[in-house]
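Computed from the coordinates by the stated procedures, all read-outs in this text should not be read as laboratory data. Please read all numbers here as calculations on a predicted model, not as lab measurements. Neighbour counts run over all protein chains shown; Cβ positions are idealised from the backbone, glycine included.
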Amino acid sequence: MPAPNSRIRSYSLFGESSQLPDLMHCETIAARSVLHDWELEPHRHARLHQLLLVVSGGGTAHLEGEEFALAPMALVNVAAGDVHGFSFSRPTAGYVVTLPDEMREELTTHAGDARVALARSRVLAADEAIAATVRLIGQEYAGRGSARSLVLRGLCGCLLGLTARAARGADAVAGPAAASTLMRRFEAALEAHYLEHWKVADYARALAVSPTHLSRVARAATGAPASRLIDARVIREAQRHLAYTNMSVTTIADTLGYADLAYFSRVFARVAGLPPRAFRARLAS
């Protein structure tokens, strides 16, 4: 693991600090990887959603502290804000499609199920429809044809939809619990409001169900009550900071809205199995 920085590095685009200069961005995997010896260290994009397609070659994707092998026709969905990095074999060919989060939101406004499916970083198996769409995006992005913006929006919407469909297909194979509509809505609400420290009753009210019913559905789907999932989402963010920054535990607690450090440490230990300082020490060892 790279030496921790004062904060998780947050880039607009693979190390750039400027905003996207175009409607969206598409480039080859090699374009930037060769500049960094095919190693892209863990970083995050606060307001960018990325889709990476491996055409040939492979390597390893590092997503939220987990490692995933990459092979030809691997599709990596990287949600905005998630920590990710890549180690590619030489040479690896493929594409990286980057969308402003505002564009993703606009394209999925009336597709709540797709928004939830795209909210988690993961590695999926691409089919030929996905590969063909990515190739078309690459061609259209490189050109300056008439109605370019409209065509790119349509192709990007298609890519997001196909990616969401692939994610749902993978979840369906994993088990019927993934198909729970209420659970998907809860996951989306949790992602939107976890830093506000909503209670189970707040989520239940927003979802128009009773707190008891919400917890029953959560337990059936995950084995844990809704309250545990709420705590786990905040602590997952704390784990990111502990792993990828040198921020103090006190600063991390304050950043995540915990006024009481002792309470934060107790919640962290209950979720992670050990206190925050011990968690960081274990990573260092």
>> Once you compute Rg and the Kirkwood Rh from C-alpha atoms, what is the Rg to Rh ratio for the stretch 25-176?
In response: 0.94
> Under a GNM of the chain (C-alpha, springs under 10 Å), which listed residue has the highest mean-square fluctuation: Thr28, Thr98, Thr251?
Replying inline: Thr251
> Taking 0.36 nm per residue of separation and subtracting the Cα-Cα distance, what length does fully extending Leu23 through Glu67 add?
Replying inline: 12.7 nm
>> At a 10 Å Cβ-Cβ cut-off, how would you order Glu237, Glu66, fewest neighbours first?
In response: Glu66, Glu237
>> Quick check on the exposure proxy: order Val267, Val134, Val209 from fewest to most C-beta atoms within 10 angstrom.
In response: Val209, Val267, Val134
> Once both labels are modelled 7 Å past Cα along the beta-carbon direction, what's the Leu150-Arg282 spacing in nm?
Replying inline: 5.6
> Out of residues 5 or more away from Val83 or on other chains, whose amide H comes under 5 Å of its own, with H placed 1.01 Å from N in the peptide plane?
Replying inline: Glu64
>> Run the Debye formula on the Cα coordinates of the stretch 199-249, all scatterers equal and no solvent, and tell me log10 I(q)/I(0) at q = 0.25, 0.26, 0.32 1/Å.
In response: -0.85, -0.89, -1.14
>> Bin width 10 Å, origin at 0, all Cα-Cα pairs of the chain: what percent of pairs per bin?
In response: 6, 26, 33, 25, 9, 1
> Across the stretch 180-284, how large is the tail of the calculated P(r) beyond 17 Å, expressed as a percent of all Cα pairs?
Replying inline: 53
